[in-house]
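Trainee: Structure below; questions to follow.
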Amino acid sequence: MNGTIDLRRRAALRGMLALGGALALGGCAAGSQGLTGISGARLSGGRASVRWLGGGVVELATPDAKQIAYGDAWFWHNAGWSRFNVQKPPEYATREGFASYVAGKHPDAVFVLLTHDHGDHMGDYFEALKALSDAGVPVMTTGQSDLLRRGLVPEFKKAGLDNAKIVSNGGGGMNFGGVSTHGAMTARLVPAVHSTFLAYPAAGFMLDIGGLRAYISGDTDLYGDMKMLGERYQPNLAIVCVGGGPFTMGPEEAALACQWLGVSHAIPVHYGHNAVTPLDAGEKFRHAMASIAPHVQVTVLKPGETTLVQT
């Protein structure tokens, strides 16, 4: 009798496990179907300008300059101009020139996206935020939540900034999968494989601006989940580090990243600003991109140059 009961219990248990497995698989299938649904169809009809400011730093703007975003904030101390024999223009040569330049555009919103805490990405971060704020510019910043709401709080205070007011989401920033908005811009935090001084995670961004979606890589190596990022967010443009050397992925890996992301436009950055990243990394990226995904339009800029991306 006891043997019969045990057999019945085992059969019932097997049935429950099978049902649980089916439900789990169903949930996974539903989740994978929802990956592209987070953004719907890939955005089209968008227009935004991209200006390379040397190193890994870029300025993005709508054609009317009402929405402006900065990928990192290393401006007047940026060493990425001289090695290209390009003189830094007045608007990026000093704090005062920068504030006057941005304020003169009368933007509705300026969004500063901080990828991580290395000096060639945040060397002028606090000064820039303070200068724009003092000039009456509607500026906000965002980045990885623990870095902004804990790690950098003393630096915000030292600069005379209230992080609860100038950091998105009431000072909380965002974590991976999270969202920050400012004006008509939306930013989402995505992973980057890189180190940091304060041991908070490095990051990249998916930024919606001017009706297109830009992937801003920050400093990173190639990693397999870039394929999932492409499926989930469907970016139009990749602004991607290509310098190689000791610190980030190089041109060939960056080209593969763009193929996985499914972008139609790509702009190489983060090279030529130090002795270990070659000046020709942008052209090497163009050639690598042409060999594996020739449909991707690559624009290689010099520091200070601007291109208009249209989707």
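No lab work stands behind these numbers, since they all come straight from the coordinates. Because the structure is a prediction, the values reported are computed rather than measured. Because the Cβ atoms are built from the backbone with ideal geometry, glycine has one as well, and the counts that use them run over all protein chains shown.
Trainee: When Lys and Arg each count +1 and Asp and Glu each count -1, what net charge do the other residues less than 11 Å away from HIS270, Cβ to Cβ, add up to? Don't skip to the answer; put the middle values down first.
Mentor: Working: positive: none; negative: ASP72, ASP120, ASP219.
Here the count lands on -3.
Trainee: Which value, in debye to the nearest 20, gives the size of the charge dipole of the chain about its Cα centre, when Lys and Arg are +1 and Asp and Glu are -1 at the Cβ? Write down the numbers at each step before the final one.
Mentor: Numbers: 25 positive and 25 negative charges, 197 e Å.
It works out to roughly 940 debye.
Trainee: Report the Cα centroid-to-centroid distance between segment 45-123 and segment 243-287 in angstrom, as an integer.
Mentor: 20 Å
Trainee: What are the lysines whose alpha-carbon lies under 21 Å from the alpha-carbon of LYS66, with same-chain residues fewer than 8 places away excluded?
Mentor: Reachable lysines: LYS105, LYS130, LYS165.
Trainee: Note the full-extension length gain between LEU222 and ASP162 as 0.36 nm times their separation in residues minus their Cα-Cα distance, in nm to one decimal. It would help to have the intermediate numbers written out before the result.
Mentor: Values: separation 60, 0.36 × 60 = 21.60 nm, distance 3.57 nm.
Between LEU222 and ASP162, full extension yields an extra 18.0 nm.
Trainee: Roughly how many debye, to the nearest 20, is the charge dipole of segment 32-177 about its Cα centre, given +1 on each Lys and Arg Cβ, -1 on each Asp and Glu Cβ, and no other charges? Intermediate results must be reported in sequence, preceding the final value.
Mentor: Working: 14 positive and 14 negative charges, 40 e Å.
The calculation lands at about 200 debye.
Trainee: Based on the Cα gyration tensor of segment 48-302, what are the three equivalent ellipsoid semi-axes, each the root of five times an eigenvalue, rounded to whole Å and given largest first? Kindly include the intermediate steps, with their values, before the conclusion.
Mentor: Details: eigenvalues 139, 79, 62 Å².
Semi-axes from the Cα gyration tensor: 26, 20, 18 Å.
Trainee: Another one. Please identify which residues in segment 278-311 have an amide N closer than 15 Å to a label point set 7 Å out from the Cα of ALA93, following the Cα→Cβ vector.
Mentor: 304
Trainee: While we're on this one: Name the lysines eligible as straight-distance cross-link partners of LYS302: C-alpha to C-alpha under 17 Å, and not fewer than 8 places from it in the same chain.
Mentor: LYS88, LYS284
Trainee: Roughly what % antiparallel, to the nearest 5, for the DSSP beta bridges in the chain?
Mentor: Numbers: 28 of 49 bridges.
Restricted to the chain, the bridges split so that about 55 percent are antiparallel.
Trainee: With r defined as the distance between the Cβ atoms of ARG150 and SER291 and R0 fixed at 35 Å, what FRET efficiency is calculated, to the nearest 0.05?
Mentor: Rounded to the nearest 0.05, the efficiency is 0.20.
Trainee: Now for a separate question. Got a sec? Charge dipole of the chain, +1 on Cβ for Lys and Arg, -1 for Asp and Glu; which of HIS116, THR277, HIS106 is way out at the positive end?
Mentor: Checked the options; the winner is HIS116.
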